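Have a look at the structure below before the remarks.
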Amino acid sequence: MKILLIEDDRTVCSSLKLLLTKRGHEVEAIHQPNIALDTIATFKPIFIILDMNFTIDTSGKQGLRLLTMIRESHPDISIILMTGWATVQLAVQGMKLGAKDFMTKPWDNKDLLNSIESIYQLHHKNDDHSTGEQSSNSFDNIIGASKSLKTVLSMVKKVAPTQANILITGESGTGKELIAEAVHQFSTRKKEAFVKVNLGGIPNSLFESEMFGHKKGAFTGADVDRDGRFTIANNGTIFLDEVGELALNSQVKLLRVLQEKTYEQLGSNKTLRADVRVISATNKNLIDLCNKKEFREDLFYRLNLVNIHLPPLKDRRDDIPALTKYFIQNVSTIYASDSPYLNKNCLEWLANQEYKGNIRQLKNIVERTFLLNLSKKELNKDDFLKAMDLNETVISSSNSLNLQNLEIETIKKALAKHDHSISSSAKALGITRSSLYRRLEKYGIPHEPKI
């Protein structure tokens, strides 16, 4: 593809031109911004790598001014900003003006090439290579055929092969973790680790230890060396759930890893490189948090190169019957019983109900209804109504039908039925492997690994 370099440093231009031409790109370089628009008109580049300073002025305003001019006349060209002087905040300002990414000097060749390839896949390549067979094989745990869900899954297939960081947004219970896992399974890193981190559950004081690891003796209680999540996820994908809960001082530490691709373990001065694809998720409005100075704007733009927004269940009601049948089938498999029949009127009624907890709430209602009607061959609207009327957390303290106890019993039955295979048990329960591991730890359920 054609790439235009707009950079006053001829040494930098020579290095970039050598790197990019070796990758088969056609590269042109200019050193003065005043001939940029004329060169663009004749060379017709797909990409521009734009320096932010062309004189002794190091404010970055020259680059931003030229960026604005290019965007106004050539909005389809993808621009990557490069600077050795301007602050990250100025680069963020450039992202707001339409730049696709920014690199700081000295740049990392691999990161630059990954950025170009990711932007090309996202903005310049048709998404017509995916087959229906791929879709059906890869989204087995994502149920539904509504237009809004198809839009999400199409985006997943488009962005997954890139190295772009992804921010998944949506209300609680909409299935953000499943989408993150689908991105990983479609990616070039699918054979490597997928590491899930619930940032809302990590105390601020333990953030560095949990994420980057520590050496023995680094602090009181550090009796052994421990790898952090970024080390475990190296070459793979890390999923940062509830990223909106992260404290400001921890946000700075996370930003450094995303910006510099390096980190140190506590108690060590050895710098480690992080080759990790980052997928984040939140049910919060991060833009509002940025405006309130509760979330760093530079971190937001690093996380949000691509946004996938999951619609609430109320916006995909057509999927509720299929989801209901799926959850019924799963819980029936766990209890080794026939699936009860659900008539059309019952399914239509369920599709018209409100689920503030989205898919998670629907799943809870369906499983609770099944468990309270184990002997019935058919479930009707009244059965679901009774289950909905029950308290969401405790059914009755007198008859021991505590929902937590029901969940524990259901998990134990799934493990027993599937010879303690985590993968098979998680699939039968309709949850991810990481979700099942969390429940085993939460409830203290003994797990005997399948031999």
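Within region 160-188, the set of residues being under 11 Å from the mean Cα position of the chain (by Cα) and among the hydrophobic types (A, V, I, L, M, F, W, C) comprises Ala160, Ala164, Ile166, Leu167, Ile168, Leu178, Ile179, Ala180, Ala182, Val183. Of the numbered criteria (1) in contact (Cβ under 8 Å) with a residue 24 or more places away in the chain; (2) farther than 23 Å from His123 by Cβ; (3) of a type in the set (Val, Ile, Thr), the one Ile49 fails is (2).
Take the residues in region 170-209 that are of a type in the set (Val, Ile, Thr) and part of a loop (DSSP other than H, G, I, E, B); name whichever of them is nearest to Thr432 (Cα to Cα). Steps first, answer last, please.
Within region 170-209, the subset of a type in the set (Val, Ile, Thr) is 174, 179, 183, 188, 195, 197, 202.
Right, trim to part of a loop (DSSP other than H, G, I, E, B) and you get 174, 188, 202.
Working: Thr174: 14, Thr188: 20, Ile202: 20 Å.
Per the stated criteria, the residue is Thr174.
If only one of Leu258, Leu254 is under 16 Å from the mean Cα position of the chain (by Cα) and touching a residue at least 60 places away in the same chain (Cβ under 8 Å), which one is it? Write out each step before concluding.
Numbers: Leu254 fails: touching a residue at least 60 places away in the same chain (Cβ under 8 Å).
Step by step, each of Leu258, Leu254 is checked, and only Leu258 is under 16 Å from the mean Cα position of the chain (by Cα) and touching a residue at least 60 places away in the same chain (Cβ under 8 Å).
Evaluation of Arg273 against the conditions (1) in contact with a Lys or Arg (Cβ under 7 Å, 6 or more places away or on another chain); (2) without any contact (Cβ under 8 Å) to a residue 40 or more places away in the chain; (3) more than 24 Å from Leu305 (Cβ to Cβ) shows that the sole unmet condition is (3).
Scan region 283-310 residue by residue and report those that are among the polar types (S, T, N, Q), outside any loop (DSSP other than H, G, I, E, B) and touching a strand residue (DSSP E or B) at 6+ places or on another chain (Cβ under 6 Å).
Let us first name the residues in region 283-310 that are among the polar types (S, T, N, Q), namely 283, 285, 291, 304, 307.
Then keep just the ones that are outside any loop (DSSP other than H, G, I, E, B); that gives 291, 307.
Selection gives Asn307 alone.
I need the full set of residues from region 15-38 which are assigned to a helix (DSSP H, G or I) and not aliphatic (A, V, I, L, M), in order please.
Residues of region 15-38 that are assigned to a helix (DSSP H, G or I), as a first pass: 15-22, 33-38.
If the condition is that a residue be assigned to a helix (DSSP H, G or I) and not aliphatic (A, V, I, L, M), then Ser15, Lys17, Thr21, Lys22, Pro33, Asn34, Asp38 are the ones that fit.
Could you identify the single residue in Asn291, Asn269, Asn285 that is closer than 22 Å to Ile179 by Cβ and either assigned by TED's automatic domain parsing to the domain that holds Val197 or crowded, with 20+ Cβ neighbours inside 10 Å (or both)? Going through Asn291, Asn269, Asn285 in turn, the sole match is Asn285.
Among the residues of region 210-251 satisfying the criterion of being assigned to a loop (DSSP other than H, G, I, E, B) and under 25 Å from the mean Cα position of the chain (by Cα), which is nearest to Arg273 (Cα to Cα)?
Quick first cut of region 210-251, residues assigned to a loop (DSSP other than H, G, I, E, B) only: 215-225, 228, 233-236, 242, 246-247.
Among the residues that remain, those that are also under 25 Å from the mean Cα position of the chain (by Cα) are: 228, 233-236, 242, 246-247.
Details: Gly228: 13, Ala233: 11, Asn234: 9, Asn235: 10, Gly236: 13, Glu242: 24, Leu246: 22, Ala247: 24 Å.
Filtering first and then ranking leaves Asn234.
Among the residues of region 222-245, the one identified as loosely packed, with under 15 Cβ neighbours inside 10 Å, under 26 Å from Glu181 (Cβ atoms) and of a type in the set (Val, Ile, Thr) is Ile232. Suppose the filter is modelled with pLDDT under 90, assigned to a helix (DSSP H, G or I) and either outside the structural domain of Arg302 (by TED's automatic domain parsing) or buried (at least 17 other Cβ atoms within 10 Å of the Cβ) (or both); does Met95 pass it? The answer is yes for Met95.
Can we say Leu272 is of a type in the set (A, V, I, L, M) and either part of a helix (DSSP H, G or I) or at pLDDT 95 or above (or both)? I'd like the intermediate steps shown before the answer.
Numbers: of a type in the set (A, V, I, L, M): yes; either part of a helix (DSSP H, G or I) or at pLDDT 95 or above (or both): no.
When the stated conditions are applied, Leu272 does not pass them.
Contact annotation: residue pairs with Cβ atoms under 9 Å, 6 or more positions apart or on different chains, pairing a residue in region 20-31 that is in contact (Cβ under 8 Å) with a residue 12 or more places away in the chain with a partner that is polar (S, T, N, Q), are Val27/Thr21; Glu28/Thr39; Ala29/Ser14; Ile30/Thr39.
Let's see how each residue does on (1) touching a residue at least 40 places away in the same chain (Cβ under 8 Å); (2) farther than 13 Å from Phe384 by Cα; (3) surrounded by fewer than 21 Cβ atoms within 10 Å (Cβ to Cβ):
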| residue | (1), (2), (3) |
| --- | --- |
| Thr333 | yes, yes, yes |
| Ser337 | no, yes, yes |
| Cys346 | no, no, yes |
| Gln353 | no, no, yes |
| Lys356 | no, yes, yes |
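With the condition kept exactly as written, say whether any residue in region 366-378 is under 27 Å from the mean Cα position of the chain (by Cα), in a loop (DSSP other than H, G, I, E, B) and either surrounded by fewer than 17 Cβ atoms within 10 Å (Cβ to Cβ) or small (Gly, Ala, Ser) (or both). Within region 366-378, not a single residue is under 27 Å from the mean Cα position of the chain (by Cα), in a loop (DSSP other than H, G, I, E, B) and either surrounded by fewer than 17 Cβ atoms within 10 Å (Cβ to Cβ) or small (Gly, Ala, Ser) (or both). Within region 322-365, the residues that satisfy the criterion of being under 23 Å from Glu409 (Cβ atoms), in a loop (DSSP other than H, G, I, E, B) and either modelled with pLDDT under 90 or within 33 Å of the chain's Cα centre (by Cα) (or both) are Tyr335, Ala336, Ser337, Asp338, Ser339, Gly357.
Determine, yes or no, whether Leu248 is farther than 21 Å from Ala164 by Cα, out of contact with any strand residue (DSSP E or B) (no Cβ under 7 Å at 6 or more places or on another chain) and surrounded by 16 or more Cβ atoms within 10 Å (Cβ to Cβ).
Numbers: farther than 21 Å from Ala164 by Cα: yes; out of contact with any strand residue (DSSP E or B) (no Cβ under 7 Å at 6 or more places or on another chain): yes; surrounded by 16 or more Cβ atoms within 10 Å (Cβ to Cβ): no.
So Leu248 does not fit the description; no.
The residues of region 136-169 that are surrounded by 15 or more Cβ atoms within 10 Å (Cβ to Cβ), assigned to a helix (DSSP H, G or I) and either β-branched (Val, Ile, Thr) or modelled with pLDDT under 90 (or both), listed by number, are Ser138, Val152, Val156, Val159.
Taking the conditions (1) among the hydrophobic types (A, V, I, L, M, F, W, C); (2) outside any helix (DSSP H, G or I); (3) at pLDDT below 95; (4) surrounded by 15 or more Cβ atoms within 10 Å (Cβ to Cβ) in turn, Leu258 satisfies each one other than (2). If you go through region 407-434 and keep only what is more than 23 Å from the chain's Cα centre (by Cα) and basic (Lys, Arg), you end up with Lys412, Lys413, Lys417.
The values are calculated or read from the model by the stated rules, or taken from the named source; none is laboratory data. Not measured: the values here are computed from a predicted model. When we count neighbours, we look across all protein chains shown, and the Cβ atoms used for this are built from the backbone with ideal geometry, even at glycine.
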